[in-house]
């Protein structure tokens with residue numbers, strides 16, 4: 001009976017180990033696919049086409065770097081940098097690390113990835129390689145192997161299981177130790193000589209078949225450990241590159257089940273002894289028959305309580321398994337949010353190539369874009385609150401063109417009952433980043449339109465200067481801002497909109513953008529009704545930006561030398 005019970009327990013846990021290995025494989029495949037999709041959307045965009053044209057014309061790398069640094073991929077902890085290659089020689093990276101002598105990453109560029117070792121920095125990466133459709137440039141995304149492993153393997157698996165990713169071609173093995181992920185390279189001779197879990201991974205890759213088995217190893221001080229190990233070789237995985245193995249101590253499987261069995265046996269023996277004692281007492285003590293009946297009833301109740309206790313213990317074990325699966329599933333579901341990127345890119349391409357007069361197609365594409373934009377911006381905007389624009393080059397931005405660009409982006413989203421007014425009273429330019437300032441004005445304009453809907457109203461854009469600064473304002477004819485909210489309106493997550501119609505991040509991001517540009521933003525109520533937001537920014541000075549550009553080029557030249 002004990003042997004059968006032990007086998008049943010091992011069989012059940014083997015299935016659990018296999019499910020965990022499949023989950024890690026699926027996570028790895030999803031992350032690689034997501035990286036490829038986001039890189040494709042990035043390098044195939046109009047922004048990158050324009051940036052590559054500037055590079056080919058005058059060798060200016062700034063625009064390409066800005067596009068790469070703006071990618072949501074750069075917010076991932078496991079992403080190290082982008083490398084940009086041309087005809088098998090390294091040109092530059094997104095983080096000005098041009099003095100790094102990286103080796104050329106070989107391999108095809110059709111969604112592939114490979115293990116890449118940087119001899120100069122003695123670092124190992126997963127390299128995702130993609131080619132541009134606009135030029136002969138090749139883009140390589142470098143992923144830190146150990147940080148990437150930590151992303152794939154949740155804390156629940158990390159703390160209780162030994163999880164290994166093994167690439168038989170390079171000999172790379174990534175696994176967890178008690179503190180942090182580690183990786184090693186093994187030659188064929190080294191891995192065979194170990195005679196441990198890594199050796200089993202090698203044999204599974206050779207056979208090409210999934211396997212679950214036990215193995216022993218020397219713990220030290222004369223002690224021997226016994227592990228249960230499930231392995232899926234790379235030819236059967238979805239990621240196609242790494243074999244996946246998940247292992248656990250056999251004692252962690254058998255001992256709890258044995259303890260439950262012993263408790264059950266003890267409870268049964270105790271109950272049997274009590275019943276026998278009661279029967280004996282009944283035979284020899286007829287005078288106490290009624291009392292004996294009451295004792296038997298009490299013992300039967302004890303039996304029921306024992307059975308109920310065992311049932312609750314089994315339910316608790318089952319709920320713990322479900323909780324583990326729930327944690328893992330929540331992590332995977334969160335990653336699906338990142339798949340909105342290609343949806344946004346596709347709808348944007350449709351909008352760019354479709355006139356608003358075409359009706360239903362344009363409206364449907366716009367609805368898709370707006371919905372996916374709101375979903376993706378919720379996560380992106382939170383991280384943006386604390387991120388600074390490092391390595392970007394501010395330049396002259398025309399207030400008139402900036403306002404015209406924002407109105408053009410809004411396009412068909414402006415209701416017919418909203419009238420637009422523009423009042424430009426300056427001929428000077430702003431010193432800043434056009435893309436960031438455009439998002440600032442767009443946030444203010446969309447907020448103003450939402451405040452005025454569904455009534456008629458006027459949206460007013462103004463620009464003027466006082467000789468030292470340029471002022472941009474966005475006004476509406478809505479109901480204005482309650483006086484008690486004027487001091488808190490720029491705080492993150494503060495909103496007066498209905499639930500589901502705002503995140504409370506728009507004005508907080510607008511303030512952060514103004515501060516990044518050495519400026520400020522203020523809100524006030526118009527005397528005639530409605531609200532007015534005014535942004536104070538620096539005036540573009542030719543000599544100042546030229547000196548900054550010269551200093552930047554000098555620093556870059558010093559770094560290379």
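Mind listing just one residue for me: the one in segment 215-239 that is touching a residue at least 24 places away in the same chain (Cβ under 8 Å) and assigned to a loop (DSSP other than H, G, I, E, B) and, of those, surrounded by the fewest Cβ atoms within 10 Å (Cβ to Cβ)? Even if it seems obvious, please write down each step before you answer.
Here is the first cut: in segment 215-239, the residues touching a residue at least 24 places away in the same chain (Cβ under 8 Å) are 225-239.
When the remaining residues are screened for being assigned to a loop (DSSP other than H, G, I, E, B), the result is 233, 237-239.
Working: 233: 23, 237: 21, 238: 15, 239: 21.
If we take residues in segment 215-239 being touching a residue at least 24 places away in the same chain (Cβ under 8 Å) and assigned to a loop (DSSP other than H, G, I, E, B), then 238 is surrounded by the fewest Cβ atoms within 10 Å (Cβ to Cβ).
Looking for whichever is assigned to a helix (DSSP H, G or I) and either modelled with pLDDT under 80 or within 28 Å of residue 467 (Cα to Cα) (or both) here; the options are 496, 503, 559. Which one fits? Explain how you work it out, then say what you get.
On the way: 496 fails: assigned to a helix (DSSP H, G or I); 503 fails: assigned to a helix (DSSP H, G or I).
So the residue among 496, 503, 559 that is assigned to a helix (DSSP H, G or I) and either modelled with pLDDT under 80 or within 28 Å of residue 467 (Cα to Cα) (or both) is 559.
What is the residue count in segment 517-554 for residues that are modelled with pLDDT under 90 and surrounded by 13 or more Cβ atoms within 10 Å (Cβ to Cβ)?
7
Exposed (fewer than 15 other Cβ atoms within 10 Å of the Cβ), out of contact with any strand residue (DSSP E or B) (no Cβ under 6 Å at 6 or more places or on another chain) and without any contact (Cβ under 8 Å) to a residue 12 or more places away in the chain: does that describe residue 488? Please lay out each step first, then the result.
Values: exposed (fewer than 15 other Cβ atoms within 10 Å of the Cβ): yes; out of contact with any strand residue (DSSP E or B) (no Cβ under 6 Å at 6 or more places or on another chain): yes; without any contact (Cβ under 8 Å) to a residue 12 or more places away in the chain: yes.
Criteria met by residue 488.
Pick out the one residue from 83, 28, 91 that is within 30 Å of residue 214 (Cβ to Cβ), in contact with a strand residue (DSSP E or B) (Cβ under 9 Å, 6 or more places away or on another chain) and modelled with pLDDT under 90.
That would be 28, the only listed residue that is within 30 Å of residue 214 (Cβ to Cβ), in contact with a strand residue (DSSP E or B) (Cβ under 9 Å, 6 or more places away or on another chain) and modelled with pLDDT under 90.
Does residue 53 count as modelled with pLDDT of 85 or more and in a strand (DSSP E or B)? Write out each step before concluding.
Working: modelled with pLDDT of 85 or more: yes; in a strand (DSSP E or B): no.
No; evaluated as a whole, the condition is false for this residue.
Consider residue 246 carefully, then state whether it is within 13 Å of residue 21 (Cβ to Cβ), in contact (Cβ under 8 Å) with a residue 40 or more places away in the chain and surrounded by 20 or more Cβ atoms within 10 Å (Cβ to Cβ).
Details: within 13 Å of residue 21 (Cβ to Cβ): yes; in contact (Cβ under 8 Å) with a residue 40 or more places away in the chain: yes; surrounded by 20 or more Cβ atoms within 10 Å (Cβ to Cβ): yes.
So residue 246 fits the description; yes.
The values are calculated or read from the model by the stated rules, or taken from the named source; none is laboratory data. Remember, it's a predicted structure, so these values are computed and weren't measured experimentally. Note that each Cβ is placed from the backbone with ideal geometry, even for glycine, and that neighbours are counted across all protein chains shown.
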